[in-house]
Every structure is written in C-alpha cells, then in structure tokens.
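Structure record follows, encoded as structure tokens.
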Amino acid sequence: MQFEIKLNKAKFRNLDNALKKAPKELSNAIARGLTTGLHATAGVVKRRVGNSSILKRRSGALTGAVKAYKDNKDDLYGYIGVGDDQDVAPYAWLLGRRDTKTITAKAGGLLAIPVGNALTEAGVPRYGSPRDVPDGFWFTNPKTNKILFGRNVGGQLDILFVGKESVSVKSTGILPEIIEERMPNMEKSIEKEIAKTIKKLGLD
C-alpha cells in the first residue's frame, strides 16, 4: 500500500521546520512535565509528613526539607526527598521504605527519650535535650533500675526523660508509597506538555 501526500512549498517548509524542531521541543516538553509532576508530588509528601503521627518530633523540620530536585546533568531525571545539605538529612531515612532501625547511643552515653510532661498533648517534645531543662538531674530508679531524668516540682518528682542505650525506630514508608501512588499523575503532566508542544509545532 502506498500513500502520496501533496504539499505546496510553504506547507512543506513548515512541516520540515516542525520536524527538525520536534526532538528538542519534545524533550523540553517532557522535562517541563516532569518538573510539574515532581513539584506536585513533593507537595503531597510534605502534607503527609506534616500530618504523620509517627514523625511528631521531626515532622516540622522534615516537612520543610522535602523538595523536588532535578538532575544537574539531565533534565529528564528528577528526585524527591531531603538533600544532603539539609540539617535534618540524618533523619531522612524515616521517610524511606518501611523498616526498623536500631539507634545506639555513643560509647559511654545514653539516648534521652522524652516522656510525660516533656511532651506536648500532640506528642511533640518540649525540650531539645535534658540540657534545656533548668534544675533537672539524672538518677537511677532503685526498683526498676531504669535511668531517668527529672526535676523537683513542688516536692513532686516530674520524670521527663528515660535514658536508654539503644532504641528501635520504624521508618514510615511515606516517600516511596506516595511516589508510586502519584506516578499516573506525573505521567499525565508529561503527556499534557507533549500534547501542547505537538499542537504548537502543527503536528497534531
């Protein structure tokens, strides 16, 4: 089967120019669509992190640190996450695939786990560390042998921290789950930009 397309010189010139531009223009369209999709997905991650009951202590800092990144060498690649240059980068793993990680105190030290009045009603720590508590002190409970930190308030002992050599912390799975959930939306963003570019080039 054969087809014959007849074009006058002007139309042929326009088609020829459009086809020459198409590879670069379509590549740019894909990059634009990817950027739109990445930023929209990063916004969803931010909201989910901010609402996470698991990340109460670090949710505010992590929420602000989550960003969409484009690859410096290739516009067709992008990432969503917490950059290495962020202060909360050591906690970024909490957003990763569901897993349990054991955090161990430095040799000779203890991890201070906030409890009781050291936490707000929302479960957010009131203090960055025991050092921020005026008149606080460490002691060992003779009955349980637990290492505790507290202060004397009106003759009553107010326990604020429990000292532990290690704790197990679970990651949330938020980042990979949302990215997988949002893949169709990112694909639509790219398809939309491609369609606009094809129309602009007169190839539709």
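The values are calculated or read from the model by the stated rules, or taken from the named source; none is laboratory data. All figures in this text were calculated on a predicted structure; none of them were measured in a lab. Counting neighbours? That spans all protein chains shown, and the Cβs are built from the backbone with ideal geometry, glycine included. For the accessible areas, the whole protein counts, side chains as well, though only heavy atoms, and no ligand, DNA or RNA atoms are used. Shrake-Rupley method; radii C 1.70, N 1.55, O 1.52, S 1.80 Å.
Annotations for the structure displayed:
- Just one of the listed residues (K196, K192) is of a type outside the set (S, T, Y), outside any strand (DSSP E or B), over 29 Å from S52 (Cα atoms) and in contact with a Ser or Thr (Cβ under 9 Å, 6 or more places away or on another chain), namely K192.
- Screening D135 on (1) open to solvent by less than 50 Å² (accessible area, probe 1.4 Å); (2) more than 30 Å from G43 (Cβ to Cβ) shows it passes everything except condition (1).
- Any chance T63 is open to solvent by 60 Å² or more (accessible area, probe 1.4 Å) and either under 22 Å from S166 (Cα atoms) or modelled with pLDDT under 90 (or both): no
- Of all the criteria given as (1) assigned to a helix (DSSP H, G or I); (2) more than 17 Å from I179 (Cβ to Cβ); (3) open to solvent by 80 Å² or more (accessible area, probe 1.4 Å), the one not satisfied by R48 is (2).
- Checking each residue in the stretch 110-144 for being of a type in the set (D, E), in a loop (DSSP other than H, G, I, E, B) and modelled with pLDDT of 90 or more picks out only D135.
- Hey, D158 in contact (Cβ under 8 Å) with a residue 12 or more places away in the chain and either over 25 Å from V49 (Cβ atoms) or buried (at least 16 other Cβ atoms within 10 Å of the Cβ) (or both) or not: yes
- Within the stretch 99-109, considering residues that are at pLDDT below 90 and hydrophobic (A, V, I, L, M, F, W, C), the one most open to solvent (accessible area, probe 1.4 Å): A107
- Leading residue by the ranking (nearest to the chain's Cα centre (by Cα)) among those in the stretch 88-98 that are surrounded by 13 or more Cβ atoms within 10 Å (Cβ to Cβ) and free of Cβ contacts under 8 Å to residues at least 60 places away in the same chain: A92
- All of (1) part of a loop (DSSP other than H, G, I, E, B); (2) surrounded by 17 or more Cβ atoms within 10 Å (Cβ to Cβ) hold for D85 with one exception: (2).
- Among residues of the stretch 70-83 that are of a type in the set (G, A, S), those with a beta-carbon under 9 Å from a residue that is open to solvent by 80 Å² or more (accessible area, probe 1.4 Å) at least six positions away or on a different chain give the pairs G81/K67; G83/K67.
- Flag for Y69 being hydroxyl-bearing (S, T, Y), at pLDDT 80 or above, within 25 Å of I178 (Cα to Cα) and open to solvent by 100 Å² or more (accessible area, probe 1.4 Å): no
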